[in-house]
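K.L.:
The following block contains the structure, expressed as structure tokens.
The values are calculated or read from the model by the stated rules, or taken from the named source; none is laboratory data. Quick caveat: nothing in here was measured; it's all calculated off a predicted structure. Cβ sites come from the backbone with ideal geometry, for glycine too, and all protein chains shown count toward neighbours. With ligands, DNA and RNA removed, areas are computed over all heavy atoms of the protein, side chains included. Shrake-Rupley method; radii C 1.70, N 1.55, O 1.52, S 1.80 Å.
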Amino acid sequence: MLSASALNLTLPSPVMPFSPDWPGADKVTLHIKRDDLIHPIISGNKWRKLKYTFNQLPANCNHIISFGGGYSNHLHACAYLCMRNQLTMTAIVRGNYSHGLTPMLKDLRAWGTHIQFVDKLTYQKRADADYLSHLQQCYPTAYIVPEGGSHAPAIKGVAELLQETPHPFDHVLAPVGSGATLAGLITALKPQQSATGIAVLKGQGYLEDLVSQLLPSDCTNTHWRIEHQFHGGGYAKASAPLTAFCQTFTTRYKIPIEPVYSGKLMYAVKQMLQDGYFANKSRILLLHTGGMQGARQS
Ligand SMILES: *Cc1c(COP(=O)(O)O)cnc(C)c1O
């Protein structure tokens, strides 16, 4: 696989002090880990999650198959990496966009990705053993990456990001979709540190299970939790206040955020500061996981 420098990645990603004029923000110290700056396409946590997947492909593999929605940051990153590494890519996409490709799918087309649109019921089988073994039989030289790239190699890649963050912190916060990013952060915590995930979809209980299943058995840190009151009604649901918040935030702090992941994280942090969620003088690290491509309208 091409090296980070051949791919022009910005690593380590910068860590920036953040001093918003929000109630309660003056009582703590905030930094943002700008993984959104790693690369415009292999954005944020998707690089962290795919690095070891691509570095450890089986020798006979010349093809990647993966899954996602029509705006998926994961498919976008994965397809770009395949194009750059001369691997065939098949994207199994939930829903039929053949008569109106999203900006993400237009990029995939341009990069030569094979796109298979499947209905909701087929898509639901994306993690079923029978379905996957059938897929593997159809494409014997393919390596099948789960939705979001969320499997064991992803945990290792995410954990590295805290090793490149010299700033001491007490809490790290990140958005939670499939849970691999949070799981990776948890594995890299020091005993006195804690991680809080902000759920971007409705999944109380379910998301905790996903994270627990992704944690390696030797991981003993239990200082983590997921906050469920900030998903705003579900995945990719953006209320008018959330959209407005993202625009104001982007203009005022010169850090682009979008309503699906990073916007929900920042919105939550603002609320939590106001509610006194963090002890005085807490050192807080916010992980900007990227994902701006998904917010493109055209
Ligand atoms: C995929 C994604 C997430 C969710 O990460 P998980 O590891 O699936 O929880 C968060 N932020 C952005 C920008 C993403 O693209």
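K.L.:
Arrange the residues His171, His99, His114 by how much accessible surface each exposes, largest first, with a 1.4 angstrom probe.
P.N.:
His99, His114, His171
K.L.:
Also, I was wondering about something else. Please give the helix 73-84 orientation as an angle from the longest Cα principal axis of the chain, in degrees from 0 to 90, rounded to the nearest 10.
P.N.:
50
K.L.:
Now for a separate question. Full-extension gain between Ser239 and Ser5, please, as 0.36 nm times their residue separation minus the C-alpha to C-alpha distance.
P.N.:
80.3 nm
K.L.:
Over the range 158-298, one equal point on each Cα, no solvent: what is log10 I(q)/I(0) by the Debye formula at q = 0.10, 0.13 Å⁻¹?
P.N.:
-0.33, -0.56
K.L.:
Okay, moving on. Please arrange Cys246, Cys219 by accessible surface area, largest first, computed with a 1.4 Å probe and ligands excluded.
P.N.:
Cys219, Cys246
K.L.:
Calculate the FRET efficiency for Gln136 and Cys219 from the Cβ-Cβ distance with a Förster distance of 22 Å, rounded to the nearest 0.05.
P.N.:
After rounding, the FRET efficiency stands at 0.15.
K.L.:
Right, another one. Could you tell me which GluC sites (Glu not before Pro) in the range 123-230 are loop residues by DSSP with no more than 14 other beta carbons within 10 angstrom of their beta carbon?
P.N.:
Passing sites in the range 123-230 are Glu164.
K.L.:
How high is the relative contact order of the chain, in percent, with contacts defined as C-alpha pairs under 8 Å that are six or more residues apart?
P.N.:
23
K.L.:
Is there a pair in Lys156/Lys281; Lys120/Lys270; Lys33/Lys237 whose C-alpha atoms are over 27 Å apart, and which pairs would that be?
P.N.:
Beyond 27 Å: Lys156/Lys281; Lys120/Lys270.
K.L.:
Can I ask one more? Give me the extension gain from Ala110 to Lys190: residue separation times 0.36 nm, minus the current Cα-Cα distance, reported in nm with one decimal.
P.N.:
Contour length minus Cα-Cα distance gives 24.4 nm.
K.L.:
May I ask you to derive the relative contact order of the range 62-119, considering only C-alpha pairs under 8 Å and at least 6 residues apart, and to give it as an integer percent?
P.N.:
41
K.L.:
Any chance you could give the angle, 0 to 90 degrees and rounded to 10, that helix 262-274 forms with the longest Cα principal axis of the chain?
P.N.:
Value to nearest ten degrees: 20.
K.L.:
Quick check: the angle from helix 44-55's long axis to the longest principal axis of the chain, C-alpha only, nearest 10 degrees?
P.N.:
That helix lies at roughly 40 degrees to the long axis.
K.L.:
If R₀ is 41 angstrom, what is the calculated FRET efficiency for the pair Asp275 and Ser298, using the beta carbon separation as r and rounding to 0.05?
P.N.:
Efficiency for this residue pair is about 0.60.
K.L.:
From the alpha carbon gyration tensor of the chain, can you work out the equivalent ellipsoid semi-axes (sqrt of 5 times each eigenvalue) and give them in Å, largest to smallest?
P.N.:
31, 21, 19
K.L.:
Right, next: Give a quick list of trypsin sites (Lys or Arg not before Pro) in the range 237-285 that DSSP marks as loop, anything other than H, G, I, E or B, with at most 16 other Cβ atoms within 10 Å.
P.N.:
Lys237, Lys254, Lys281
K.L.:
Here's something else I'd like to know. Please report, in debye to the nearest 20, how large the charge dipole of the range 3-64 is about its Cα centre when each Lys and Arg carries +1 at its beta carbon and each Asp and Glu carries -1 there.
P.N.:
Computed about the Cα centre, the dipole is about 240 debye.
K.L.:
Please give, to one decimal in nm, the separation of the simple spin-label points placed at Asn85 and Asp209, each 7 Å out from Cα toward the Cβ.
P.N.:
Distance between the two pseudo-spin positions: 3.1 nm.
K.L.:
Same structure again: How much accessible area per residue does the range 255-298 have, counting only protein heavy atoms and a probe of 1.4 Å, in square angstrom?
P.N.:
Result: 41 Å² per residue.
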